[in-house]
Amino acid sequence: MHRMSQITDSMTPASDSDFVSLAERSISQGYFFQGIQFADSGLDRNPSSKRLQELKAQALMESGDLYSAREILESLCGFKEDDGALDRLFEAFRDTFGLVYQSRQADSSNLWPSDDPSEDQPVSSDAETKDRADLREFERSLEQLLRASKGWSSIYDASAESIGLLASLYKKLWLATQEREWAEKSRDIYETEFLKTWSPGWHGVNAASMSWMLGETDRAKTLASILIAKKESLPRNGDDAYWTPATLGEAYLLDGNLKGALKSYKEAKDQIGESDYQKAHSSWRQLNLLEAGGMDVPPAILDLFKPPAIVLFAGHMMDHPERSEPRFVTNMEHMVRSRIDEELDLTDARIGYCSLACGSDILFAEAILDREAELNVFLPFSKDDFIESSVQHGGLQWVTRFHRILKLAKTVNYVTEERYLKDNSLFEFGADVMRGHAELRAEALNSQTHLLVVWDRKESDLIGGTFVSVKAWNDKDAGHIIDINDIREECIEQRAPDPRTTTSLRAISPTPPPPVKAVNQREIRCLLFADIVGYSKLQEEQTLEYRDLLQAVAKELKQIGEPGLINTWGDAIFAVMDDARSMAQYALALKTAVKNAGVNLPNMDIRIALHAGPVFEAVDPLTKNTNYYGAHVNRTARLEPIAIKGRLYATEQFAALLTMQQAREDSHEFKCKKIGKVTLPKNFGEQEVYEIEPVS
């Protein structure tokens, strides 16, 4: 996982280019908030820097603040009243292309060679010669028209980067609101840049696709055909080795040439690695968008970008030497691994989620790595404590394998970074958060999560045990059980000599954790910190009006139900609840109540941060009231100041817990949108942040 210090340690900002580099690197690594901060710092020095304004707008878009990004980009692009130049330009292109296009369309055998685009059908030499001659004629006419069009005015006057960002922004607004106006604006920008400059090709295919979405199929086909005619001029270096054939695949699809589409999409697919899902998912989303717009996308093309299967794993660990009844002993290891491999083959697993205890977890992790698939490891608490509690009793070889896997996994996630403290609730919390992450990933990739367990089919009240994962899983069709009892019966009935040693943690780790002291049991709770924006600017005489605002808010919140704890001081609100869904409902009601309070206080809004984690519950010695303490209370407080007002920001732990709870209850009340990483103030490290939104 990247650390923000890796971005900042290598350079100290001294010029515009330094701030540009820092902002670009932050955005590329998913640190959108830091990208905004670096862009703002650079703009403080040079407010006229267009590149820094572009980067700020891009970071705002990626973090979900579309309307703030729109304000910047529309100012940068200098929108002018459309004098009809775009329509005249398009008509001229269409007239120039008309004869060639009609000729190609008439020879339908060349455009649609087979009902099955995967079948390789021969094309007659006469048709091929005619097609090439038509294209050469078109290219000559096109070059003349391009030269003539250079002097025509554009409705936007800005860099290609700003214009491309604005077109993308309008497309996002259309997808969010389904208002036709945004789709038309997006199409117009893409089209004018494509026809005037011929660069880059993705402007052309986006213009064609947006035309298709708007029901203008002739316009879409014409734009796609123009792009195809100039395909040799498109770049193919670097990332363009993927994006150019993907762009052409989409153009061929819009033009009706299914064979050309399949060939280009296959070329694009060949350019990405097995675990590089971002590019493939981008094409998958676009293909599904076209299909939703009425296009018949062949299954052979969709299958190229089929979302990867995700497997969430839980299973028994190796028997502890003190266990009286054998369940998972050493001579069963190879057969358990073999069964895991069989199940992964059946699901064609490409992404795996697991913890890393000795036994089933480590066997699953190694199986995922051997498939060259993506592995995501979740540890419920600090690494050394986890080794001591869940790995080392299997012997030194398991500890060695544990460390090897940590180096090879794509991500290693600590659900809490604190110590174990003999608190078994952390195992269950870790399992819940891991499942929520897997579900969030499945939503992002339009994929499905499968549960795979190595289980003895015994119900157990053990906190955090394998049965807890089985009991919480409600999609039985996507649940797979490897019965460890069956495996034990197939192995030697009598417990074989066990080569395990009880190597102490001191022999394994150069810095073993200190002995654990007895502590009060922690409780997993959902936490809210909120801040009333504008409070510090109130005049003295407005203080009682602020009290009225709180009374109005309290009245609205009564309909939701009381949290386990609510506390206020000044403009701050602190609340604690047992479950994520109730807390999300409370947070949404709090935001709405402040907005609609009807109190005569100008510019009042609220920032809200949500988190979940283990906390201590105790009576405050001074107030004699119940209160909550611990690192996770502090973490929630650190997130609140960087939240954007009027929006519900949550840590990945809260978002995962909410997603898991909704999946378990088959609820679709809230959606969690990933908006990037932040570095929390006061040395609280990094935090992945999500926005919680009600499902409309």
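No lab work stands behind these numbers, since they all come straight from the coordinates. A quick note: this is a predicted structure, and the numbers were derived from the prediction, not measured. Note: ideal-geometry Cβ built from the backbone for every residue, glycine included; neighbour counts use all protein chains shown.
Between the residues 309, 281, 262, the greatest Cα displacement towards the positive end of the dipole of segment 248-331, with unit charges on the Cβ of Lys, Arg, Asp and Glu, is found for 262.
About the Cα centre of segment 523-694, how large is the charge dipole given +1 on each Lys and Arg Cβ and -1 on each Asp and Glu Cβ? Please answer in debye to the nearest 20.
Once rounded to the nearest 20, the dipole reads 340 debye.
In plain terms, the residue of 362, 72, 642 with the fewest other Cβ atoms within 10 Å comes first and the most crowded comes last, giving 642, 72, 362. Of the residues 398, 284, the one with the fewest other Cβ atoms within 10 Å heads the list, and the complete ranking is 284, 398. Please tell me which of these pairs span more than 26 angstrom C-alpha to C-alpha: 383/410; 591/624; 624/682; 422/682? In this structure, 591/624; 624/682; 422/682 lie more than 26 Å apart at Cα. Each label point was placed 7 Å from the Cα along the Cα-to-Cβ direction; for residue 444 and residue 605 their separation is 2.6 nm.
Can you find, among 622, 634, 649, the residue sitting farthest towards the positive end of the charge dipole of segment 523-694, where Lys and Arg contribute +1 and Asp and Glu -1 at Cβ? Toward the positive end, the furthest listed residue is 649. Rounded if a/c is under 1.5, else prolate if a/b is larger than b/c, else oblate: which is segment 523-694, with a ≥ b ≥ c the root eigenvalues of its Cα gyration tensor? Rounded. Counting other Cβ atoms within 10 Å as a rough exposure proxy, the listed residues 439, 179, 417, 343 run 179, 417, 343, 439 from fewest neighbours to most.
Working out 0.36 nm times the residue gap between residue 179 and residue 566, then minus their Cα-Cα distance, what length gain in nm do you get to one decimal?
Difference between extended and current length: 135.3 nm.
Selection among 400, 440, 427 by position relative to the dipole of segment 384-441 gives 400 as farthest towards the positive end (Cβ unit charges, Cα centre).
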